Amino acid sequence: MKNVFLSLLVTTASACVLQLFLPWWTIALAAFAVAYFVKQNSFAAFLSAFVAVFLLWVVYAYMLSSANENILATKIAELLKQLTKDSVTTLYLITGLIGGLVSGLGALTGSLAAKRKQ
């Protein structure tokens, strides 16, 4: 349990910092590195990275969108009406899901690579 919490915190912090300077997909590299060095089973590695980046992206999307009264998010939700049903909240959840899956798969790869090394 201690490793899962540590992995969650370090993945969130490293993904947040890397996204400031590098492309969005560096979240997978951050999750890979954390899962490689923090020993945990594959499911725990996937889940901790998924939750870390899911929450990071949902909160960050909400903060950016609320700064302009959700004008752009409302228009994007309208464009993606088939997926979002014109709901900005659903758009936030889809955003978090994409980030969570990318980081979770990166962490799963890192966890499996660490096990293979042994």
One finds, for residue 72 and residue 9 with R0 = 22 angstrom and r their Cβ-Cβ distance, a FRET efficiency to the nearest 0.05 of 0.10
Close lysine pairs (the chain; alpha-carbon distance under 24 Å; 8 or more apart or on separate chains) counted at 6
Computed over all unlike Cα pairs, the Kirkwood hydrodynamic radius of the chain in Å stands at 14.6
Computed over the chain, the relative contact order (Cα-Cα under 8 Å, seq sep at least six) in percent reads 39
So the angle from the long Cα axis of helix 42-66 to the longest Cα principal axis of the chain, reported in degrees to the nearest 10, equals 30
Here the longest stretch of the chain that holds no chymotrypsin sites (Phe, Trp or Tyr not before Pro) in a DSSP loop having at most 16 other beta carbon atoms within 10 Å is 26-118
Listed with the fewest Cβ neighbours within 10 Å leading, 91, 101, 83 appear as 83, 101, 91
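Any read-out appearing in this document is the output of simple, stated calculations on the displayed coordinates, not a laboratory observation. Bear in mind that the values here come from a model prediction, so they are computed numbers and not experimental data. Note: ideal-geometry Cβ built from the backbone for every residue, glycine included; neighbour counts use all protein chains shown.
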